[in-house]
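The values are calculated or read from the model by the stated rules, or taken from the named source; none is laboratory data. Keep in mind that this is a model prediction, so the values were computed, not measured. Glycine gets a Cβ as well: all are built from the backbone with ideal geometry, and neighbour counts include every protein chain shown.
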Amino acid sequence: MSKSFCYAGHLIDGTGSPARKSALLCMENGLISSLEFHAPEDLPRVLPPLSGAPVQSYPDCTILPGLIDSHVHLAMSGKTDPELRAEQLRNGFEQNRPLIAERIRQSLGCGIMALRDGGDAGGHALEYVRANPRSSVQVKCAGRGWRARGRYGKIIGREPLEGLTLAESIAADRPGGDHVKILNSGINSLTEFGRETAPQFDREQLRAAFAQAKKQGKKIMVHANGTLPVEFAIEAGCDSIEHGFFMGEENLRKMADKQIFWVPTAVTMKALLAQSKVAARILETQLDQMRRARALGVPIASGTDAGSFGVRHGQALVEEFKLMVQAGFSIEETICGATRTGARLLGLDHELGLLRPGMPASFLVVPGPPSELPGSLISLKSVFIRGMKSGMS
């Protein structure tokens, strides 16, 4: 691949640092070979006059790393009609195959280059990704999650195998997914504010299960709301807490100390505002926790729970960004949650997350300055994947 340049009026690099003006990115062999900052009038002097290298110029735009949604369910649609939601859960793999493909395309259309799937009852997302390993969007899948007998989670997981513990069931599930998803609480009540459910698994069950997952080299994502379910997961050594509603200050402090990732999925409550007055109180409580997590230094990865009620694939990430800004994050910090932090969580930090020399030239071009984000993400100008313009742009 020949050398080419991309010039933009502004650049957000993914670290959370303030945006910089007048960025000149040099791309060679799919990588960023240099990144400099020059005023537009200096370009003729800066660019090698005889190289003939093409320059794609976006003086009125902002470039930023490709995005990551760290919690989705590709086998589910996000539709709100109860009959349609029930029907999609009955779908076999052949029915879900084109729907999963379309949801991945929708995600790329919103600038999302990597997804972390939290599981489905049939393991269809994992089956799809295994059958389609080459994709512009990288997808990490749990396959099917794990839940305790008779507890919440039938739509995304299964119970431990008959006669086996949770740890033994994980050991028997070969090869399994890219990571292990465990449900350790119920969902939030939309009629009784702050009601917590008991942990699905006790501390020892979780410790044994996490140890087994780590033997297999897999990270553990834990669905947990409420004080005790989150506390048990943290003490047992999880890699991330998903949702984390009502987990409380002490758990946030422990997560900051241990640098355990949090994926708040606040947009799930925003999607339920029309359904329940309680949802508004839950959302505000979650935003308060996010403010506190920011102050404490909890690593927050952006995730939407896309596929859940009213949460649509791709576009939901913009709504989650708006809520992060509402919770006090700068736009650069917000983007960091869906770039560098998400890449670290997914183990993709050598491929995505930052714009700097040596990294793949995978980035987005959005209209306007950073002050117009996140809204400007709905009208992408261009998407570059390893230095090449994507057909989605």
Quiz item: Quick one: which of Glu249, Glu235 is under 16 Å from Glu196 (Cα atoms), touching a Leu at 6+ places or on another chain (Cβ under 9 Å), in contact (Cβ under 8 Å) with a residue 24 or more places away in the chain and surrounded by fewer than 17 Cβ atoms within 10 Å (Cβ to Cβ)?
Solution: Glu249
Practice problem: Output the helices (runs of 4 or more DSSP H) that fall wholly within the range 281-353 and possess 1 or more residues being over 12 Å from the mean Cα position of the chain (by Cα), outside the structural domain of Ile12 (by TED's automatic domain parsing) and buried (at least 18 other Cβ atoms within 10 Å of the Cβ), or say none. | Solution: 316-326, 331-337
Quiz item: Can you name every residue in the range 255-280 that is under 30 Å from Asp81 (Cα atoms) and outside any helix (DSSP H, G or I)?
Solution: Trp262, Val263, Pro264, Thr265, Ala266, Ala271, Leu272, Leu273, Ala274, Gln275, Ser276
Quiz item: Going by the structure shown, is Ile187 closer than 30 Å to Ala101 by Cβ, β-branched (Val, Ile, Thr) and either in a loop (DSSP other than H, G, I, E, B) or under 20 Å from the mean Cα position of the chain (by Cα) (or both)?
Solution: yes
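For (1) assigned to a helix (DSSP H, G or I); (2) farther than 23 Å from Ala293 by Cα; (3) not basic (Lys, Arg), each residue gets a yes or a no:
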site	(1), (2), (3)
Ile182	no, no, yes
Leu228	yes, no, yes
Met247	no, no, yes
Arg253	yes, no, no
Quiz item: Before we move on, is Leu43 buried (at least 21 other Cβ atoms within 10 Å of the Cβ), farther than 30 Å from Gly143 by Cα and modelled with pLDDT under 95?
Solution: no
Quiz item: Within the bounds of the range 364-371, is there any residue that is part of a loop (DSSP other than H, G, I, E, B), surrounded by fewer than 21 Cβ atoms within 10 Å (Cβ to Cβ) and touching a His at 6+ places or on another chain (Cβ under 9 Å)?
Solution: yes
Quiz item: Is it the case that some residue within the range 380-391 is under 17 Å from the mean Cα position of the chain (by Cα), in the same structural domain as Glu36 (by TED's automatic domain parsing) and in contact (Cβ under 8 Å) with a residue 40 or more places away in the chain?
Solution: no
Practice problem: Looking at (1) within 30 Å of Gln326 (Cα to Cα); (2) modelled with pLDDT of 95 or more; (3) not aromatic (Phe, Trp, Tyr), find the lone condition where Ala274 falls short. | Solution: (2)
Self-check item: Positions within the range 323-342 being in contact with a strand residue (DSSP E or B) (Cβ under 6 Å, 6 or more places away or on another chain) and not polar (S, T, N, Q), in sequence order
Solution: Ile335, Gly337, Ala338, Gly342
Practice problem: Could you run through the range 2-31 and say how many residues are on the phi > 0 side of the Ramachandran plot and out of contact with any helix residue (DSSP H, G or I) (no Cβ under 6 Å at 6 or more places or on another chain)? | Solution: 3
Quiz item: Looking at the range 157-182, which of its residues are under 17 Å from Cys238 (Cβ atoms) and not small (Gly, Ala, Ser)?
Solution: Leu166, Ile170, Asp178, His179, Val180, Lys181, Ile182
Exercise. Scan (1) hydrophobic (A, V, I, L, M, F, W, C); (2) in a loop (DSSP other than H, G, I, E, B); (3) within 29 Å of the chain's Cα centre (by Cα) for the single condition Ala53 breaks and write down its number.
Key: (3)
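Listed here are the residues, each with its yes/no results for (1) surrounded by 13 or more Cβ atoms within 10 Å (Cβ to Cβ); (2) charged (D, E, K, R); (3) closer than 30 Å to Ala142 by Cα; (4) touching a residue at least 60 places away in the same chain (Cβ under 8 Å).
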| position | (1), (2), (3), (4) |
| --- | --- |
| Leu11 | yes, no, no, yes |
| Gly16 | yes, no, yes, yes |
| Gly30 | yes, no, yes, yes |
| His38 | yes, no, no, no |
| Leu67 | yes, no, yes, yes |
| Glu83 | no, yes, yes, no |
Self-check item: Pick from the range 132-148, criterion more than 21 Å from Ala316 (Cβ to Cβ) and modelled with pLDDT under 95, ranking: surrounded by the most Cβ atoms within 10 Å (Cβ to Cβ)
Solution: Asn132
Quiz item: Checking Leu108 against (1) in the same structural domain as Glu372 (by TED's automatic domain parsing); (2) buried (at least 17 other Cβ atoms within 10 Å of the Cβ); (3) under 27 Å from the mean Cα position of the chain (by Cα), which single condition isn't satisfied?
Solution: (1)
